[in-house]
Amino acid sequence: MLINVGYDKFEMANLGYSLVHTSCGGVELLYQKFLDDMKDTVNDNIKSFKNPILVEVCTDDPTLDPNISLNFIKTCHMANVDSFTVSGANHTFNVETGDFTKLNEVISKVVPWISAHIK
């Protein structure tokens with residue numbers, strides 16, 4: 001599984017980092033370590049992970065393409081992966097707009113899921 005992170009490969013090669021503009025208007029430094037960690041973490045070994053995973057997919061997320069999460073759900077080969085979709089939400093659940101409707105929707109799904117899976 002490969003997650004494509006939008007970054008300037010020329011910047012990364014020459015500076016050791018790349019400036020990434022986030023969907024909420026922020027700017028972050030992306031270092032090679034992040035990309036290396038992604039390769040180490042998101043691989044076929046995930047199927048042997050025993051703990052449950054909850055994946056939420058925001059349909060209007062420009063930061064993390066929703067298809068990446070949907071593909072992960074289909075191809076992780078885990079028996080205990082749950083998911084839900086938040087329609088019309090971006091990477092920050094639209095909270096930067098001052099509308100907390102989508103965040104509250106996420107909370108209403110995540111909190112019961114966590115409560116049900118804590119032992």
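The values are calculated or read from the model by the stated rules, or taken from the named source; none is laboratory data. These figures come from a predicted structure and were not determined experimentally. We place every Cβ from the backbone using ideal geometry, glycine too, and count neighbours over all the protein chains shown.
So that you can scan it fast, the table gives a plain yes or no per residue for (1) touching a His at 6+ places or on another chain (Cβ under 9 Å); (2) farther than 24 Å from Val27 by Cβ:
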{"site": "Asn45", "(1), (2)": "no, yes"}
{"site": "Asn51", "(1), (2)": "yes, yes"}
{"site": "Leu54", "(1), (2)": "yes, yes"}
{"site": "Thr59", "(1), (2)": "no, yes"}
{"site": "Asp65", "(1), (2)": "no, no"}
{"site": "Ile68", "(1), (2)": "no, no"}
{"site": "Glu105", "(1), (2)": "no, yes"}
Subject >> Scope segment 57-85; condition under 13 Å from the mean Cα position of the chain (by Cα) and β-branched (Val, Ile, Thr); matching residues >> reply: Val57, Thr59, Thr63, Ile68, Ile73, Thr85
Original post:
Does Leu54 satisfy the criteria of being of a type in the set (A, V, I, L, M, F, W, C) and over 15 Å from the mean Cα position of the chain (by Cα)?
Top reply: no
Original post:
Could you give every pair whose Cβ atoms fall below 6 Å, whose first residue belongs to segment 21-42 and is in the same structural domain as Lys9 (by TED's automatic domain parsing) and of a type outside the set (S, T, N, Q), and whose second residue is at pLDDT 70 or above and in a helix (DSSP H, G or I), counting only separations of at least 6 or pairs across chains?
Top reply: Cys24/Glu96
Subject >> Residue in segment 104-114 that is more than 30 Å from Glu11 (Cβ to Cβ) and polar (S, T, N, Q) present >> reply: yes
**OP:** Starting from segment 67-86, take each residue that is closer than 20 Å to Val110 by Cβ and list its partners that are of a type in the set (Gly, Ala, Ser) and outside any helix (DSSP H, G or I), counting only C-beta distances under 8 angstrom and pairs at least six apart or across chains.
**Re:** Ser69/Ser83; Ile73/Ser83
